[in-house]
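Asks: Once you've had a glance at the structure underneath, I'll fire off some questions.
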Amino acid sequence: MSRTKLARVALAAALLFCSGAQAQLFRAYLSSYGSDANPCTLQAPCRLLPAAIAAVASNGEIWMLDSANYNTATVNVDRSVSILAIPGVVGSIVALNGGPAVSITLGGLVVAFRNVVLAPVAGATPGTDGIAMTGASSLVIEDSVIFGLPGNGISVAGQGELTVVRSTIRNGAGLAISLSGGARATISDSHILQYGGLYAQSNGASNVTTASISDSVISGASGAAVEARAVGQNPLARVAVTRSTIEGSAVALKATSNGNRNRLALITFSGSTIAGNATSWHQSGIGASIVTLGNNHITDNDSFVGTTTSTSLQ
Amino acid sequence: MNPRQFARYASIAALLMASNAQAQLFRAYLSGSGNDGNACTLQAPCRLLPAALSAVADGGEVWMLDSANYNTSTVSVGKSVSILAIPGAVGSVVALNGGPAVSITVPGLTVALRNVVIGPVASMAPGTNGVEISADSSLVIEGSLIVNLVGSGVVANGAADVRLVNTTVRNNGEWALRATDGVAGTVSKSQLVGNTLGGVRAEGLTGAAITNVSVTDSLISGGDTGVQATTQASGATARVVVTRSTIDRAGTAMVSDSNGSGAPSIVVSGSMITENATGWNISGSGAAIRTLQNNQITDNGAGSGTLTTNALM
């Protein structure tokens, strides 16, 4: 075998088998029949997420190969990684024993979840949130389901960035998405059902907390489906909604500030349907605004609080 | 269909196609347990894409039967072919060692990638872009993920047609789609998220070609720029048309610029442009951004230059 051919074969072996007892893997594998004593390769997958995270290289991937639950306690993600269940399987991550299913406390990471299910464990000591991120990292959730949790579906506190695409957050007791302290979020092509809605709070120190919601449905929110709230010193909380439906909720749109014109809470919405809510909008506090672009379908709601303002489409 | 039925039908199909040991396959198969010494049939699948591409007939298909990585270097596609992972499998193609994951340099081809994942190999010498196409060929990417690359998701030059449908391109180091000098591009129902330089760049750098990209029902989030049309050559036209889409959290949502030559333009309708550090930037002779007056353009930093308004028809 020539040296070139040998090198090619060696590279193929590295890619195909992710071997190397010491080297970290570009792709780590999990399976219901795996063992955490294994090296997390395709041939010898691990069983639980912490073992796979320890084995994978920064910016690598973790594949869940078959339908199973892949944690027994809070999963602390400490490196940039994409965690995905292969299509057709259910990659379950549970919240239990008073903690979130997933915790991200470090800054500077890029973490993605794709085709996973975050859920509680019936009969076990309840957990809290689905994903709790406090570090200034980037979190992407695609094609996933978060349901039934006693806490928030996703909580981002601080300067983190959240993107939720083609996902469902439903049937929980807290907030579907909680943003605070300068978090920024993009929600697209997703459903929030029978949960607490999206809450963007700017809580002082001049921080700016923002979210945009596109092509999504928020239905049956127990509180406000979309809320921007400003408290503290010179904060700004802002949410933009477009091409979306908010229905069957206690309050569809809520912007509140605690009485100072430097505390700005703003919701702007266009091309959306706001229907069948107990309260269509709730605007209170002199720094709070709810702005319509004049092209929304607002109908069959029971009441409203405060006023809306309008601005022009461009 | 159970595996036995599937194998029976595949055998019948193979017979109907009058296959023999030498004939190229109308459908070549890959598997994580395959071997490139095999014939790339369903019963004896190959392991890597180059072997399957050699085995398949022009206009045929390559099926990835299970979840695995299917290349060890740039995959050069030299014939019309559809490459797909069967539903339920992750068909991985990686970019490494200074090259793209997939390269198309031959004109006249029709190439489709469906349900594939294109990414880097962490801890190995990085590659460049996800897919490069530099010929007058057609490329369709459907239901796929292009992620975490050093370069761009898709780089197209010349008279190529590129279509991204139901595809996510995110966290790459440059653009999600970079289209240059005559490319016709379509992005539909796709998510271009967190790409460092931005979402879509249509550019006319040399000659008088028309580069045109439409973005429909899609999300562009993060990065330095949402969409950009730029020209640097006399007679060059670069256009981006954005419809029913959202651009947020970018440095500048829309950039139309020239160095004094050519005509770059962006048209936006039915879209939301929000939470960008700068709403738009229009600079250079001939540059324009036109709005159909039905957009939510709010909560951005001040734009530079004047938007042109057109009426809906």
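The values are calculated or read from the model by the stated rules, or taken from the named source; none is laboratory data. Only a predicted model underlies this, so the values are computations on that prediction, with no experimental measurement involved. Quick reminder, even Gly has a Cβ in these numbers, built from the backbone with ideal geometry, and neighbours come from all protein chains shown.
Asks: Return the total of residues in the range A:135-154 being of a type in the set (Phe, Trp, Tyr) and within 14 Å of chain B (Cβ to nearest Cβ).
Replies: Within the range A:135-154, the subset of a type in the set (Phe, Trp, Tyr) is A:147.
Now restrict to residues that are within 14 Å of chain B (Cβ to nearest Cβ): none.
Count: 0.
Asks: Can I ask one more? Please indicate, with yes or no, whether at least one residue in the range A:129-141 is hydroxyl-bearing (Ser, Thr, Tyr), at pLDDT 95 or above and under 22 Å from A:Gln194 (Cα atoms).
Replies: Taking the range A:129-141 first, the residues hydroxyl-bearing (Ser, Thr, Tyr) are A:134, A:137-138.
From the residues that got through so far, the ones that are at pLDDT 95 or above too are A:134, A:137-138.
Keeping just the survivors that are under 22 Å from A:Gln194 (Cα atoms) gives none.
No, every residue in the range A:129-141 fails to be hydroxyl-bearing (Ser, Thr, Tyr), at pLDDT 95 or above and under 22 Å from A:Gln194 (Cα atoms).
Asks: Looking at the range B:20-46, I want the residues that are at positive phi and have a partner that is assigned to a loop (DSSP other than H, G, I, E, B) and modelled with pLDDT of 95 or more with Cβ atoms under 9 Å, at least 6 apart or on another chain. Which pairs are those?
Replies: Once the first residue is at positive phi and sits in the range B:20-46, its partners that are assigned to a loop (DSSP other than H, G, I, E, B) and modelled with pLDDT of 95 or more give B:Cys40/B:Gly34.
Asks: Is it the case that B:Ala302 is over 21 Å from B:Val183 (Cα atoms), in a strand (DSSP E or B) and of a type in the set (A, V, I, L, M)?
Replies: no
Asks: Looking only at the range B:302-313, how many residues end up being small (Gly, Ala, Ser) and within 12 Å of another protein chain (Cβ to nearest Cβ)?
Replies: So the count comes out to 1.
Asks: Only one of A:Ala211, A:Ala157, A:Ala132 is within 11 Å of chain B (Cβ to nearest Cβ) and not polar (S, T, N, Q). Can you tell me which?
Replies: After ruling out the rest, the residue left standing is A:Ala211.
Asks: Can you run down the residue pairs with Cβ atoms below 9 Å, 6 or more apart or on separate chains, where the first is in the range B:72-91 and within 9 Å of chain A (Cβ to nearest Cβ) and the partner is surrounded by fewer than 20 Cβ atoms within 10 Å (Cβ to Cβ) and among the basic types (Lys, Arg)?
Replies: B:Thr72/A:Arg8; B:Ser73/A:Arg8
Asks: Related question: Within the range B:160-167, is there a residue that is crowded, with 18+ Cβ neighbours inside 10 Å, polar (S, T, N, Q) and either under 23 Å from A:Ala28 (Cα atoms) or more than 14 Å from every other protein chain (Cβ to nearest Cβ) (or both)?
Replies: no
Asks: Can you go through A:Val77, A:Val116, A:Val56 and tell me which one is within 12 Å of chain B (Cβ to nearest Cβ), under 27 Å from B:Leu149 (Cα atoms) and β-branched (Val, Ile, Thr)?
Replies: A:Val56
Asks: Of the residues B:Gly226, B:Gly286, which is closer than 27 Å to B:Gly158 by Cβ and not in a strand (DSSP E or B)?
Replies: After applying the criteria, what remains is B:Gly286.
Asks: Same structure, new question: Since A:Ala176 meets every condition but one in (1) more than 17 Å from A:Trp281 (Cβ to Cβ); (2) surrounded by fewer than 24 Cβ atoms within 10 Å (Cβ to Cβ); (3) aliphatic (A, V, I, L, M), which condition does it not meet?
Replies: Condition not satisfied by A:Ala176: (2).
Asks: Can you pull out every residue in the range B:214-240 that is farther than 17 Å from B:Ile273 by Cβ and in contact with a strand residue (DSSP E or B) (Cβ under 9 Å, 6 or more places away or on another chain)?
Replies: Scanning the range B:214-240 gives B:Thr230, B:Thr231, B:Gln232, B:Ala233, B:Gly235, B:Ala236, B:Thr237, B:Ala238, B:Arg239.
Asks: Scanning the range B:169-212 for residues that are β-branched (Val, Ile, Thr), over 13 Å from the mean Cα position of the chain (by Cα) and within 14 Å of another protein chain (Cβ to nearest Cβ), which turns out nearest to B:Val140 (Cα to Cα)?
Replies: Ranking the candidates gives B:Val193 first.
Results for (1) part of a strand (DSSP E or B); (2) in contact (Cβ under 8 Å) with a residue 40 or more places away in the chain; (3) not β-branched (Val, Ile, Thr), shown as yes or no for each residue.
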position	(1), (2), (3)
B:Ser103	yes, no, yes
B:Gly108	no, no, yes
B:Leu113	yes, no, yes
B:Gly119	yes, no, yes
B:Val140	yes, no, no
B:Ile146	yes, no, no
B:Ala159	no, yes, yes
B:Val162	yes, no, no
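This table checks each residue for (1) part of a strand (DSSP E or B); (2) within 14 Å of chain B (Cβ to nearest Cβ); (3) of a type in the set (Phe, Trp, Tyr).
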| position | (1), (2), (3) |
| --- | --- |
| A:Thr268 | yes, yes, no |
| A:Phe304 | yes, no, yes |
| A:Thr307 | no, no, no |
| A:Gln314 | no, yes, no |
